[in-house]
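Some notes on the structure that comes next.
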Amino acid sequence: MSAPRLSADRARCIGAGMCAMTAPDVFDQDPDEGLVLLLHAEPPAAHRTAARMAVGVCPSGAIALHEPQPGDLA
Ligand code: SF4
């Protein structure tokens, strides 16, 4: 079974920093523009709840968590 995968669209990110505050093990911000940096495209199980919360609080919809669907190839 494949793991949930995160995506981060830096073109949509407005640098609000909610993701890095909510899930600091998964997201960071670049020091120049403050735009999102994805530290783990496939977050370990221990960080998935925080990653989901970060997706929920992002004001620009720049980050998403793609849950594996039945029938997906690994
Ligand atoms: S919460 Fe959203 S808008 Fe803010 S830094 Fe993270 S990805 Fe960008």
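Just so you know, all these numbers are worked out from the coordinates, no wet-lab data involved. Everything quoted here is computed from the prediction, not taken from an experiment.
Could you tell me what % of all Cα pairs in the chain have separations over 17 Å?
37
How high is the relative contact order of the stretch 5-66, in percent, with contacts defined as C-alpha pairs under 8 Å that are six or more residues apart?
So the answer I get is 46 percent.
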